[in-house]
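Enquirer: First, the structure itself, so that you have it in front of you.
Bear in mind these aren't lab numbers, they're just calculated from the coordinates by the rules spelled out. Keep in mind the model is a prediction, meaning the values are calculated, not measured. Cβ coordinates were reconstructed from backbone atoms using ideal geometry, including for glycine residues, and neighbour counts include every protein chain displayed.
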Amino acid sequence: MIDTYRRNVVMALELKHLQSHVFHALEQNSNSYVFLCDTAAGQYRFSRNGMEHFGLPGETFVMEDLWARLLHTGDYAAFSSKYLELAAGKQDRISGDYRFRENSGVYFLCRFEAWADTDPERKPARLISGLISFLKRNETTDPVTGLPGNNDFRSALKDIAGKNEPCAVLMIGIDEFKNINDFYSYSFGDKVLAYYADFILSSLPRCAMMFRLDGDGFGILFSGMEPESVQDWFSRLQHRIRRPVQIDEIRVSISISAGLCLYPEDGREHEILYRNSRVALYAAKQNGKDQLARYTGKLVDEDHARMLLRTNLRQSVITGFRGFSLHYQPIVHADCGRISGAEALLRWDDPAFPPCEGPCRFIPVLEESGLILEVGRWVLEQAVQQCARWISFMPDFQMNINVASVQFEEPGFKFFVIDTLAKYGLNPCNITLELTESGKIKKTQLVRSTFDFLRSQGVNIALDDFGTGYASLDVFRVLSADELKIDRSFLDRITYDVIDQKLISVLVDLCHSICMKVCVEGIESQELESVVRQLGPDLLQGYYYNRPLTADAFAAAYFDGTSPSSEADGQVPSEYTQSMVYSAFRPAQPLSIDALVDNAHAGVFQVGMDNEFTFLTCNEGYRRMLGYTAAEMEHNFKNHALGFVHPDDMRYVNEEIRRQLGQGDTITIEFRVVRKDGSPIWILGTGNVVRGRHGASSLVVVIVNNDRLKKKELALAEEHALYKKLLDHLPVGIKCVRFDPDFTIDYISPGFLELLGYSREDISRLFDDKYINLIYEEDRKVVSNDILEQLKLSDVVHMRYRSLCRDGRLLWVETISRLCAPDADGIQRACSGVIQITDIDGELGQNSRGLNIVNRYQMVTAQWGEYLFEIDFPSRMVMFSENFGEQFEAANELSLDEVFRFVHTDELASFREAVEEARGGKRPRPVEMRFRQPDGSYRWYSAAFSLPEKFRDTPITVIGRITDIDTQRRERIRLLEQSQHDSTTGLLNKGTTEERIRSILSHASMKKDHYALLMMDIDNFKSINDTYGHFNGDEILRVIAARLRCLFGNTDIVGRVGGDEFMAFLPFSGDTQLLEEKAQTILEVLHEAIAVDGGICHPCISIGLSCYPGDGTHFYDLFRRADSALYRVKERGKDGFYISAQ
């Protein structure tokens, strides 16, 4: 068939041209591609199937580098020399097998045949015709590299085995090639393979043949080449191949390992040669990679042992982890030697292997085979179960569990940990997961996310084996953990090597500076312990304390059946240290500068140093403060940054900034800005000038929202001004003095000064601001003693004394004063009002003076909202001052039972208790209570009592004062409500929500009660803020909060516990089906559209639920489980619910 085809081509050439119908007839009757070349014109013509297969520009075209484009670079040189001889007329016909590139980019081995239209004189050919035919397509040639494949390699080995010529067999593997596929993609990995296949191929000697094996492997056969020469060639290749290269703009750097075996010394059969070279390659990789290993008989024995080990380990896993067990090595506190916990260490016992087959032998096999995932879960569950038993002896016992990096990279591992802890009722803070070989982490972001989630649930994380293998300081930069374990290799020279001591000391200081504990492993002697302790670690571990023990032996050695109390060691129970609001600091990854600025609850903006203060940029916090989106900020303030300043403050801000910049490079200024909704807020800004490297300057300002404090300051200033105006213009004398021996004056009203004839300056100059000096000298001692006596009964004091006027006259001054509680500065003051000033010449008689004093005293107490009373215990009668009857429309003398009827029932017991305490001879504490008014309403009053008067040690009467505190009490209630509720939504805030749930749980019964805790999170809320603005975002929060109030009952607890997070707590029957229905109802209601400025928002909600008592009996347990359930919803795509108990 092929010969007939070729004759047709030759006949066509004799006609000097080939018609289209002849071309098409030929291609339809063959599996090859036909071409013609006019060498003079440089013109080619391909059959249509060839044009399509090779991606040529047409059936007829001109292309100088056609063959360079179609042929593999490794084959082009050989092809080119033959083809040039054909074109020059030196050959009539050429043929050969070469790799041709398809339109898809894949290379396949093809047979190339061509004929020249020549004459007897051997002049250059005018026409060249040819065929390109595939050889065993998709069967032998590797499509990625264009090299012969694995089957060809085996066939070549078989051919070698049939000859007596020596040959070297080299298997090459790219080290850690899996990382390239995992980090980038498999398509990129193919490009890397193709690049390095060409690289190696271009370095081969003429006596070598190269093949593509499975994965990242290549096989090379060196005919007649000495082993030492092969090793030298490989060394040169290693050196060259380590140089980084750019592939698709990605910097790639690799190393290679190789296994070498020789024919016929290392085997005469092709399968034996294949196996031995593979075994040698494996040995090279096991011994550290980037090297060549020569085959020896010992390697085969080790390979057989490894295969048997892998088989038996797999069988152990299949048969329920038969042969596996855990031993526990104690970990002690470095300062006192008291046991802290233990590390769970995996052991394996198999009859086929000696007992000395330790973890360092079988654990790498578990990791290579993938069995480590199943075994790791078994280890975790066994260790958690054992720890749950031992905490009954030692509540703060810490179980350390080794976890391979590949386990942390498994997406479901974090949930398995939480579920296992819940299954055995163990608090997460009792376990520490140790990451082994941290430097082998491939999916850093995933491991970091897993760490953050587990630590948020209370699980501790440790970085194990620090100082060995791949573990390095870089791990601190990429991962956050609670503990660092320093490997025993650091201790080899620690007793005499100062540098090693310094290294550990620096590591300890570094860890302590970021709140990480340090555990040093490998303590095997008292001398070693003594040296290491001085370096300041927290924990120690090693054979000096004990070898790894079975669970029974460990319990016998360290637990005697008693249960020591954590309080005895000065520790606070974990339930009170774990909270949404307050918790101990744990090491965390520092935010990037951009993230730090954007997450700060403050604004930062940059403006140009021109006349208009051109707006340049700002952070998310400033946009949040003003309520604008990024696009709105850009549109509204692009040209003029002062555009957001309140119009009334514009001139001041402009002038003040320029004034301060004229004095230096920093500014501090307080002014009002106008938010998007039109409301003004006070802000405080501080900034500095930043000069760029090219001379341009800008102003960077940090802004804090000072609105609440500023408005409070303005209100206080206004109130102070009003009070001062009132006091200054009262027609009576007012003064405020300190309660010290001199009655130092803080304030004295102008009216009082006017009556005495002095100015304020006179008081300071003549009397040294001491009121005692204003009192007539003969009356001073009497006044001081009388004040002390009256204060024994009440904090209200009435005094009458003489005072010397400026004109020399003596006046009688009558005052009533109240002693106030000490201020924040510790100073106690008395406020006084002058009842009457009488000239000595017009002094009233004693009786009329007394009546006047009483009347005025009652008048003042009525104005101050006070009512005096006296209880006569023998008669159980109560006598009130006259103003009481006027205020409450009652008699001024009532029985105790009649008085009790005035008191609100909620406070009646407290008031009765105070009366009984006075009857017993003690002075009761003041009682706050509601008193019924004539219209039936209630007001708040405070009842204060004096020390009861006694007759022969029997209390007979007590005097008291009732003070109206309704305004102050209601203000306190308002402030309390404000402190307990979220200002945006009106729901309970985080702290109050937690405290109320804790209060309910403290009285709950595990046998009778069932409660559900719901964590609800608005999905993608940041994008809602970015799209609609922060004001609309707050409105969406308020709408959702209102809907939640309607969805829950009055006794249920609903609060906002984060920016877009809500919490609810409610009783239920215990049937989780009802909880599912409740969660589904919440989703449906909250999904309803919300109209906002600029569009319609359809919020999506994720809900995580936990149940009491199934998921825990303390608040933090329920919160942690609900939060974990919420996390699962997020990972499943959001907008749904998950019940932890399921």
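Enquirer: Give me the distance in nm between label points sitting 7 Å out from Cα along the Cα-to-Cβ direction at V674 and L596, one decimal.
Expert: Label at V674, label at L596, 3.6 nm between them.
Enquirer: Once Rh is set to the Kirkwood radius over Cα pairs, what Stokes-Einstein translational diffusion coefficient, in µm²/s, holds for segment 206-259 at a temperature of 4 °C and a viscosity of 1.567 mPa s?
Expert: For the chosen part, D equals 100 µm²/s.
Enquirer: With r defined as the distance between the Cβ atoms of S229 and N164 and R0 fixed at 22 Å, what FRET efficiency is calculated, to the nearest 0.05?
Expert: Result of the calculation: an efficiency of 0.65.
Enquirer: Cα to Cα, under 16 Å, and not fewer than 8 places away if on the same chain: which lysines meet these conditions relative to K792?
Expert: List returned: K922, K950.
Enquirer: Please give the contour-minus-distance gain from F767 to V782: 0.36 nm per residue of separation, less the Cα-Cα distance, rounded to one decimal in nm.
Expert: Length gained, F767 through V782: 3.5 nm.
Enquirer: Return the percentage of antiparallel bridges among DSSP beta bridges fully within the chain, rounded to the nearest 5 %.
Expert: 85
Enquirer: So for each of 149-157, 51-59 I average, over its residues, the number of other beta carbons within 10 Å; can you give me the resulting order with the highest mean first?
Expert: 149-157, 51-59
Enquirer: Moving to a separate point now. Can you give me the Rg/Rh ratio for segment 721-777, using Cα atoms for both radii and the Kirkwood formula for Rh?
Expert: 0.97
Enquirer: Between the helical axis of 413-423 and the dominant principal axis of the chain, each derived from Cα atoms, what acute angle in degrees is found, rounded to the nearest 10?
Expert: Computed tilt is about 50 degrees.
Enquirer: While we're on this one: Among all the lysines, which ones have a C-alpha under 25 Å from K1078's C-alpha, if same-chain residues fewer than 8 places away are not counted?
Expert: K990, K1007, K1008, K1130, K1134
Enquirer: If you take the alpha carbon radius of gyration of segment 593-712 and divide it by 2.2 N^0.38 Å, what ratio comes out, to two decimals?
Expert: 1.01
Enquirer: If you stretched the chain out fully between V245 and R361, how much longer would it get, using 0.36 nm times the residue separation minus the C-alpha to C-alpha distance?
Expert: 38.1 nm
Enquirer: What distance in nm separates the two pseudo spin-label positions at R818 and K1022, each 7 Å out from Cα along the beta-carbon direction?
Expert: Rounded to a tenth, the inter-label distance reads 5.4 nm.
Enquirer: Given Cα pairs under 8 Å that are at least 6 residues apart, what percent is the relative contact order of the chain?
Expert: With pairs under 8 Å counted, the relative contact order is 4 percent.
Enquirer: Right, next: How charged is the neighbourhood of T984? Take every other residue with its Cβ under 10 Å from the Cβ of T984, and add Lys/Arg as +1 and Asp/Glu as -1.
Expert: -1
Enquirer: From the gyration tensor of the Cα coordinates in segment 865-971, what semi-axes in whole Å does the equivalent ellipsoid have, largest first, with each one equal to sqrt(5λ)?
Expert: 23, 15, 12
Enquirer: Further question on the same structure: Roughly speaking, what % of Cα-Cα pairs in segment 981-1139 are separated by over 21 Å, rounded to a whole number?
Expert: Tail of the P(r) past 21 Å holds 43 percent of the pairs.
Enquirer: Using the crude model of +1 on Lys and Arg Cβ and -1 on Asp and Glu Cβ, and no other charge, please compute the dipole size for the chain relative to its Cα centre, in debye to 20.
Expert: 1940
Enquirer: Okay, moving on. Take the Cα of T686, step 7 Å along the line toward its Cβ, and report every residue of segment 651-670 whose backbone nitrogen sits under 20 Å from that point.
Expert: 653, 656-670
Enquirer: Using 0.36 nm per residue of separation minus the Cα-Cα distance, give me the extension gain between L373 and E102 in nm, one decimal.
Expert: Gain in length upon complete extension: 93.3 nm.
Enquirer: Which peptide among 235-245, 341-351, 993-1003 comes first, and what is the full order, when sorted by highest mean count of other Cβ atoms within 10 Å?
Expert: So the peptides 235-245, 341-351, 993-1003, ranked by packing, come out 341-351, 993-1003, 235-245.
Enquirer: Same structure again: What FRET efficiency comes out for Q978 versus A553 if R0 is 56 angstrom and r is the Cβ-Cβ distance? Round to the nearest 0.05.
Expert: FRET efficiency, Q978 to A553: 0.40.
Enquirer: Here's another thing I want to ask about it. Would you calculate, for the chain, the mean residue ellipticity at 222 nm contributed by helices, counting each DSSP H stretch of 4 or more residues as -39,500 (n - 2.57) and dividing by all residues, to the nearest 500?
Expert: -12000 deg cm²/dmol
Enquirer: Cα convex hull of the chain: how many Å³ per residue?
Expert: 333
Enquirer: For a 31 Å ceiling on Cα separation, which of these pairs sit above it: K289/K443; K158/K289; K90/K158; K423/K485?
Expert: Violating the 31 Å Cα-Cα cut-off are K90/K158.
Enquirer: Which value in nm describes the separation of the simple spin-label points at Q315 and D935, placed 7 Å from the Cα toward the beta carbon?
Expert: My value for the distance between the label points is 9.5 nm.
Enquirer: Separation of segment 666-708 and segment 63-79 by C-alpha centroid, Å?
Expert: Spelled out, the Cα-based centre of one part sits 67 Å from the other.
Enquirer: Right, another one. Residues with beta-carbon under 11 Å from that of L193, excluding L193: net charge, scoring Lys, Arg +1 and Asp, Glu -1?
Expert: So the surrounding residues net to -2.
Enquirer: Another question about this same structure. Among G920, P1099, V834, flag the residue with its Cα farthest along the positive direction of the charge dipole of the chain, charges on Cβ as +1 for Lys/Arg and -1 for Asp/Glu.
Expert: Most positive-ward Cα: P1099.
Enquirer: Same structure, new question: Which of the aspartates and glutamates could be linked to K711 by a straight reach, that is with a Cα gap under 18 Å, when you skip same-chain ones fewer than 8 residues away?
Expert: Straight-line reach from K711, under 18 Å: D648, D649, E670, E719, E971.
Enquirer: Can you give the FRET efficiency to the nearest 0.05 for R206 and N150, using r as the Cβ-Cβ distance and R₀ = 30 Å?
Expert: The value I calculate is 0.80.
Enquirer: Could you tell me the center-to-center distance, by alpha carbons, between segment 405-435 and segment 1114-1142 in angstrom?
Expert: Taking the Cα centre of segment 1114-1142 as reference, the centre of segment 405-435 is 15 Å away.
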